[in-house]
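S.K.: Quick one: structure below, then a few questions.
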Amino acid sequence: MAPLPAGWSTAHAQVGFDRGGAAYTTFPVRSADPAACAARCERDARCRAWSFAYPTAEGGAVCRLKAQVEAAKADPCCASGVKGAGVTETNDGGGEVGIDRAGGDYQTLDLAAEATWQVCKAACEGESRCRAWTFLRAGYVGPTPRCYLKTRIPPPRKRPCCVSGVVK
C-alpha cells in the first residue's frame, strides 16, 4: 500500500461520534446496528460518509447517508464514518462498546433517560459482589437505559445495544 500524502490520515468509523452536514437520504435501521448503515453507504455510489443514530425513547435507529465528508464530533448518540472505513467499536475508558455480557444478573437497574454507561459501571464498582456489568442503551428494550449487575463474568458477545465491563 502506498503511503498517504503529507497531512492526510486514514479515516475510521467510530462509535460515539457524529458527522455533521446534510444527508441526501435518511432511513430507519430495524436491526439497530451501525454496521447496517456502513454497509448501505458501501453499496451506494453517491455516498461518501454516514451517521447512525442509536434508538432513543422517541424513536428507532436511523441512518443518514451523506454526499460529503464532514469532520466527526464526539457524541454518544451516534456512530459515523466514511465510505470504506467500516465500524470501529473501541474499549472506551473501561467500557466495552458494542459488547453484551448476557447472564449472571443479580440486579437490574432502570436508569434515567440521560444516563450513560458510566453510571452502570459506577453502580457495579460500588457493590462488593458485582463482577461485571452491562448497560443496555435506551430504545432497544424500553424507553430508558438499563443496567445489569452480574455475580460472574459472562463471555462477551458483539451486540450494538450494549456497553459492558468487568470489575477487576
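S.K.: Quickly estimate the mean residue ellipticity at 222 nm for the chain, helices only: each DSSP H run with n ≥ 4 gives -39500 (n - 2.57), and the total goes over all residues, rounded to 500.
M.R.: -3500 deg cm²/dmol
S.K.: On the full set of protein chains, 1.4 Å probe, figure out the accessible area of ARG152 and give it in Å² to the nearest 10.
M.R.: Roll a 1.4 Å probe over it and ARG152 shows about 120 Å².
S.K.: In whole percent, what relative contact order does segment 48-87 give with Cα contacts below 8 Å and a gap of six or more residues?
M.R.: Across segment 48-87, relative contact order equals 48 percent.
S.K.: What are the ³J(HN,Hα) values, in whole Hz, obtained from phi via the Karplus relation 6.51 cos²θ - 1.76 cosθ + 1.60 with θ = phi - 60°, for each residue of segment 56-72 in sequence order, with x given for Gly and Pro?
M.R.: 10, 4, 7, x, x, 5, 9, 10, 10, 9, 10, 7, 10, 9, 10, 5, 7
S.K.: Could the peptides 107-120, 26-39 be put in order, highest first, of the mean number of other beta-carbon atoms found within 10 Å of their residues?
M.R.: 26-39, 107-120
S.K.: So, R0 is 30 Å and r is the distance between the beta-carbons of THR26 and ARG157; what FRET efficiency does that work out to, to 0.05?
M.R.: About 0.55, to the nearest 0.05.
S.K.: List the aspartates and glutamates whose alpha-carbon lies under 19 Å from that of LYS168, not counting same-chain residues fewer than 8 positions away?
M.R.: LYS168 reaches ASP92, GLU96, ASP100, ASP105, GLU125, GLU127.
S.K.: Below 8 Å, C-alpha to C-alpha, sequence gap of six or more: please give me the relative contact order for the chain in percent.
M.R.: Relative contact order comes out at 25 percent.
S.K.: Now for a different question. Within a Cβ distance under 11 Å of ASP100, other residues only, what is the Lys/Arg minus Asp/Glu net charge?
M.R.: +4
S.K.: If you don't mind, another one. Which stretch or stretches of segment 124-155 have amide N atoms under 18 Å from the point lying 7 Å from GLN107's Cα along the Cα→Cβ direction?
M.R.: Counting only backbone N, you get 124-136, 145-154.
S.K.: Mind checking which of VAL119, PRO145, GLY81 is farthest towards the positive end of the chain's charge dipole, using Cβ charges of +1 (Lys, Arg) and -1 (Asp, Glu) about the Cα centre?
M.R.: Sorting the options by dipole projection puts first GLY81.
S.K.: May I pose another question? So, counting K/R as plus one and D/E as minus one, what does the shell of residues with Cβ under 12 Å around GLY21 add up to?
M.R.: +3
S.K.: Using only Cα atoms and rounding to the nearest 10 degrees, what angle (0 to 90) does helix 34-43 make with the longest principal axis of the chain?
M.R.: 20
S.K.: Quick one: order SER128, SER164 from most to least accessible surface, probe 1.4 Å.
M.R.: SER128, SER164
S.K.: When ligands, DNA and RNA are left out and all protein chains stay put, how many square angstrom of accessible area per residue does the chain have with a 1.4 Å probe?
M.R.: 54
S.K.: Ignoring ligands, DNA and RNA, please state the percent of accessible area on the chain from carbon and sulfur, probe 1.4 Å.
M.R.: Of all accessible area on the chain, carbon and sulfur atoms account for 53 percent.
S.K.: Same structure again: Just tell me which lysines come within less than 27 Å, Cα to Cα, of LYS66; anything on the same chain fewer than 8 places away is out.
M.R.: Those lysines meeting the cut-off are LYS83, LYS158.
S.K.: Quick one: ranking GLU96, GLU127 by accessible area, 1.4 Å probe, largest first, what do you get?
M.R.: My answer, sorted largest first, is GLU127, GLU96.
S.K.: Would you indicate which of [x] 35, 19, 16; [y] 25, 24, 15; [z] 32, 18, 12 is the value of semi-axes √(5λ) of the Cα gyration tensor in Å derived from the coordinates of this structure?
M.R.: Computing semi-axes √(5λ) of the Cα gyration tensor in Å and matching it to [x] 35, 19, 16; [y] 25, 24, 15; [z] 32, 18, 12 gives [z].
The values are calculated or read from the model by the stated rules, or taken from the named source; none is laboratory data. Predicted, not measured: the structure shown is a model, and the values here were computed from it. Reconstructed Cβ throughout: ideal geometry from the backbone, glycine too, with neighbour counts over all protein chains shown. The accessibility values were calculated without ligands, DNA or RNA, using every heavy atom of the protein model including side chains. Shrake-Rupley method; radii C 1.70, N 1.55, O 1.52, S 1.80 Å.
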